[in-house]
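Enquirer: Here it is: the structure, laid out below.
Readers should treat all values here as calculations from the given coordinates under stated rules, not as data from a laboratory. As the structure is a computational prediction, the values presented were derived from the model and not from experiment. Positions of Cβ are generated from backbone atoms using ideal geometry, with glycine treated the same way; all protein chains shown enter the neighbour counts.
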């Protein structure tokens, strides 16, 4: 195994060397970094040229200059990696260091959302193969595959930002919208849950009426201008989460787990006001981290208390329930921040921005305001990226799950009388995740590379923007640094994916090439 | 019970559902089975007609020049004409709005007609319908060239690699890794920035030269499994040359994988071209492509939305059709593929087994 990994590393180094050499020379040949200065009439142009030639070592021919660049990279082994200088005489490494967090923030959440959403929908479509929901989702997936992201982005800006902001000025939902949205949600849920004709109509009617009632209530109370759950709704949601998580995790028949999940919900209700106090007075990332740890500790205690025989699944259920309830609590708190945030001068009642990664006018200092500001700015780009990337996960997880469901061991599991939940969640889902995991690893490595187009459309300054700038201004060192980081990560991710695959699936052996 | 009955006849051996499928494919060649399955895929067939119709529509719309030969198009404007910006029928303060009308007169509209400028005019008065047609031609051309070049290289590299194994395989696969590490968009940017003016054909060719990697891996995998199969041994024992084995025996079996991934490659290609043109590294003015049109007019969405809608709709229609065709092909070539079994199928299958018993 070790020999295999070492050999792969060797190959990786050779590939990196070769492709960086070629790219370096290609890029060096693609344009003249001094072009603007040569034709400039500025009296200091000559001096500027000399400075540039000096800092970028432009007097060395490209193939040799590559080795100077390589020397800087190889110095990374001693801890002082040197990517050289940009054209503006800044260190490439510091330019990149400021871009990476932006890019990660942008793409990481979009990737997570796409994975969760894509896999969930993919599994539901596979379980309801050839249903109307399946066909509809297949169509939507293909539609998403076919959308140019900048086109989506413009539409989102118009309809989700500008129109939504207009709507917020007077948050009354028009009656036609209420009717349309209720019927739409009724159709979707009826298609997902399906059943015989009578049941479908019941679901459709129930969901439609419920949605209509909810929307009317939200509209009348101007909820969108002043959103929030409050303790009552939070508790109802928490109970819902408790049942949902228990059902998915161990099944409702496991009374111990159900009881511990319910206890978590009750504890969340008891702690609602103390939490608000903490949120108001000690708000910081540290507080949230501590609260998360405390939640897990409580969950572990509750799980241990209720578990009679099988401790681990009960504790796991309690922890998952605690985590999601905590998430709801946090969302609730952000919702309470919404109205004060909207009223600040910097935002002025148009909260959803179309460009930028943060509001420069917002006064710093308030944790909730600045975090909400970042979240609001992430809103549109995240939706755009999620929309175009979750289709792949739908198709892939659907296909894999269908393959798995045709396997003999699924038939065996059903034949020995396991209930459908156990068959799907324990036998089918886990095996579906094996190939999906390897895809995810490679996708996550792509995060650093950024999203060139998305960043440009939404005016973010991340890795993609740097790359774009490097190409248009012939900034060789910057270009090579972006390339080097992305290429290394993607090669490493492929290696990790291979190793992970063999670790997860014992039938696959790595090492024999 | 049911199963026993089936077994007792000469009908297919394996269960009720298989009986239905086996009955359907009795006495058909592989090609006929694939064709039948494809024709039955409604989405794919619709898409096929859409894309063929669209090609005919788009490519005959404008004048085409082949050297000195000039084929006149049916549309009365070209991309170079500069008619006056018209404001008749437009909303207050707008010029060059589309004249296309699809609302019939009996519904209170102005009737179904194309009008002078069905897609409107751009900011200097050029006919937007002509521009979109030219852009669609370019985008489709790029798509087909990338599909052809990428498909050809990918198949050849994958086939050689998977068939020969050993050091040839190692070298070719490292070469593939090598090209995978350099993202196409980087190559496109670097080359496009410098040689951008060489035209769309050149863009399509070099994009094709760098987009075969995924396909070659798939084909290699397919060849690695197929070359171990008995029919290959049989052919070898019978004295077939390597070339014959590759082209006559293995390739026809791998053709499903190849066709499907080439379609997907093509639908990816049209988006790639669009994205590169959007960034300014693909098709550059004065040439036109759909991506370039959207990129030029993305800021006019609120004021003159037609400049934004039409090229986008064309991109989506093309990419969506190609994706559906690819899906139909995948279903058609997949031997495990099961169609939904309808009540009618079951009844006819029962009828078959019953008559079988009576025999």
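Enquirer: For peptide A:123-134, what's the mean number of Cβ atoms from other chains within 10 Å of each residue's Cβ? Don't skip to the answer; put the middle values down first.
Expert: On the way: counts 0, 0, 0, 0, 0, 0, 2, 5, 1, 0, 0, 1.
Average per residue, whole number: 1.
Enquirer: Kirkwood hydrodynamic radius of the stretch A:228-348 from all distinct Cα pairs, in Å?
Expert: Values: mean 1/r = 0.0670 Å⁻¹.
Computed over the stretch A:228-348, the radius equals 14.9 Å.
Enquirer: Cα centroids of the stretch A:440-474 and the stretch A:62-88: how far apart, whole angstrom?
Expert: 22
Enquirer: State the extension gain, in nm to one decimal, for the chain segment bounded by residue A:280 and residue A:71, taking 0.36 nm per residue of separation less the distance between their alpha-carbons. Walk me through the numbers before you get to the answer.
Expert: Numbers: separation 209, 0.36 × 209 = 75.24 nm, distance 5.20 nm.
Gain on extension, residue A:280 to residue A:71, equals 70.0 nm.
Enquirer: With labels modelled as points extended 7 Å from the Cα through the Cβ direction, what inter-label distance (nm, one decimal) is found for residue A:1 paired with residue B:40?
Expert: Going by the 7 Å Cα→Cβ label model, 4.7 nm.
Enquirer: Let me ask something else. Summing -39500 (n - 2.57) over the DSSP H runs of n ≥ 4 in chain A and dividing by its residue number, what mean residue ellipticity at 222 nm do you reach, to the nearest 500 deg cm²/dmol? Mind showing how you got there, number by number?
Expert: On the way: 21 runs with 374 residues, N = 513.
Helix contribution divided over all residues of chain A: -24500 deg cm²/dmol.
Enquirer: I need the calculated FRET efficiency for the pair residue B:168 and residue A:273, taking r as the beta carbon distance and R₀ as 56 Å, to the nearest 0.05.
Expert: On the way: r = 71 Å, r/R0 = 1.28.
Plugging the Cβ-Cβ distance into 1/(1 + (r/R0)^6) gives 0.20.
Enquirer: Let me ask something additional. Please arrange A:405, A:64 by how many other C-beta atoms lie within 10 Å of their C-beta, fewest to most.
Expert: Fewest to most other Cβ atoms nearby, the residues stand as A:64, A:405.
Enquirer: Moving to a separate point now. What do you get for the angle between helix A:476-504 and the principal long axis of chain A? Use alpha-carbon atoms, 0 to 90 degrees, nearest ten.
Expert: 40
Enquirer: For chain A, what does the equivalent ellipsoid look like in terms of its semi-axes, each the square root of 5 times an eigenvalue of the Cα gyration tensor, given largest first in whole Å?
Expert: Details: eigenvalues 417, 205, 115 Å².
For chain A, the ellipsoid semi-axes come out as 46, 32, 24 Å.
Enquirer: Can you tell me how much longer the chain between residue A:507 and residue A:167 gets when fully stretched, taken as 0.36 nm per residue apart minus their C-alpha distance, in nm with one decimal? List each step's numbers first, then the result.
Expert: Details: separation 340, 0.36 × 340 = 122.40 nm, distance 5.61 nm.
Contour length minus the Cα-Cα distance gives 116.8 nm.
Enquirer: Once R0 is set to 60 Å, what does the formula 1/(1 + (r/R0)^6) return for the Cβ-Cβ distance between residue A:414 and residue A:21, expressed as a FRET efficiency to the nearest 0.05?
Expert: Working: r = 56 Å, r/R0 = 0.94.
After rounding, the FRET efficiency stands at 0.60.
Enquirer: So for the stretch B:111-184, Kirkwood radius off the Cα pairs, Stokes-Einstein at 4 °C and 1.567 mPa s: how many µm² s⁻¹?
Expert: Details: Rh = 16.2 Å.
Stokes-Einstein gives a translational diffusion coefficient of 80 µm²/s.
Enquirer: For peptide B:314-324, compute the average count of partner chain beta-carbon atoms within 10 Å of each residue's beta-carbon.
Expert: Working: counts 0, 4, 6, 1, 1, 6, 7, 2, 3, 8, 4.
Partner-chain Cβ atoms within 10 Å, mean over residues of B:314-324: 4.
Enquirer: Classify the stretch A:434-513: rounded, prolate or oblate, from the alpha-carbon gyration tensor (a ≥ b ≥ c, eigenvalue square roots; a/c under 1.5 rounded; otherwise prolate if a/b is larger than b/c)? If you can, show how the numbers build up before the last one.
Expert: Numbers: a/c = 5.63, a/b = 2.28, b/c = 2.46.
Oblate.
Enquirer: Restricting things to alpha carbons, find the Rg to Rh ratio for the stretch A:172-221 using the Kirkwood radius for Rh. Intermediate results must be reported in sequence, preceding the final value.
Expert: Working: Rg = 11.5 Å, Rh = 10.9 Å.
Rg divided by Rh gives 1.06.
Enquirer: Tell me the relative contact order for the stretch B:136-339 as a rounded percent, counting alpha carbon contacts under 8 Å between residues six or more apart. Let's see the in-between values first.
Expert: Numbers: 255 pairs, mean separation 58.5, N = 204.
About 29 percent, as a whole number.
Enquirer: Given axes a ≥ b ≥ c from the Cα gyration tensor, I'd like to know whether the stretch A:15-142 is rounded (a/c under 1.5), prolate (a/b larger than b/c) or oblate.
Expert: On the way: a/c = 2.99, a/b = 2.52, b/c = 1.19.
It is prolate, given that a/c is not under 1.5 and a/b is the larger ratio.
Enquirer: Right, another one. With Rg and the Kirkwood Rh both taken from Cα atoms, where does Rg over Rh land for the stretch A:306-401?
Expert: 1.16
Enquirer: Another one. Simple spin-label model, 7 Å along Cα-to-Cβ: residue A:349 to residue B:90 in nm?
Expert: 3.3
Enquirer: Now a separate question. How high is the relative contact order of chain A, in percent, counting Cα pairs under 8 Å that sit 6 or more residues apart? Could the numbers behind the result be given before it?
Expert: Numbers: 575 pairs, mean separation 126.3, N = 513.
It rounds to 25 percent for chain A.
Enquirer: To test your reading of the geometry: what angle, between 0 and 90 degrees and rounded to tens, separates the Cα axis of helix A:463-472 from the longest principal axis of chain A?
Expert: 30
Enquirer: Can you bin every Cα-Cα distance in the stretch B:136-339 into 5 Å intervals starting at zero and give me the percent of pairs per bin, rounded to whole numbers?
Expert: Going out from 0 Å in 5 Å bins, the stretch B:136-339 shows 1, 8, 14, 16, 16, 14, 11, 8, 6, 4, 2, 1, 0, 0, 0 percent.
Enquirer: Further question on the same structure: Going by average Cβ neighbours within 10 Å, how do the peptides B:229-242, A:66-79, B:42-55 rank, with the highest at the top?
Expert: On the way: B:229-242: 11.6, A:66-79: 13.6, B:42-55: 15.9.
The most tightly packed comes first, giving B:42-55, A:66-79, B:229-242.
Enquirer: Report the convex hull volume per residue for the stretch A:157-269, counting only C-alpha atoms, in Å³. Don't jump to the answer; show the numbers that get you there.
Expert: On the way: hull volume 16.4 nm³, N = 113.
Taking only Cα atoms, the stretch A:157-269 has a hull volume of 145 Å³ per residue.
Enquirer: Ok, one more. For chain A, find the longest principal axis of its Cα atoms and tell me its angle to the long axis of helix A:62-74, 0 to 90°, nearest 10.
Expert: Taking Cα atoms only, the helix is inclined about 50 degrees.
Enquirer: Please compute the length gained on full extension between residue A:221 and residue A:184, using 0.36 nm multiplied by the number of residues separating them and subtracting their Cα-Cα distance. If you can, show how the numbers build up before the last one.
Expert: On the way: separation 37, 0.36 × 37 = 13.32 nm, distance 2.27 nm.
Contour length minus the Cα-Cα distance gives 11.1 nm.
Enquirer: What does the average come to when, for each residue of peptide B:291-299, you count the partner chain Cβ atoms lying within 10 Å of its Cβ? All intermediate terms of the calculation are to be shown ahead of the outcome.
Expert: Values: counts 3, 0, 0, 4, 3, 0, 1, 6, 1.
Across the residues of B:291-299, the mean count of other-chain Cβ atoms within 10 Å is 2.
Enquirer: Can you tell me how the protein assembly as shown classifies by the Cα gyration tensor, rounded, prolate or oblate, using a/c under 1.5 as the rounded cut?
Expert: Working: a/c = 1.22, a/b = 1.06, b/c = 1.16.
Here the protein assembly as shown falls in the rounded category.
Enquirer: If you line up the Cα atoms of the stretch A:121-216 on their principal axes, what length do they span on each, largest first, in Å?
Expert: That works out to 43, 35, 17 Å along the principal axes.
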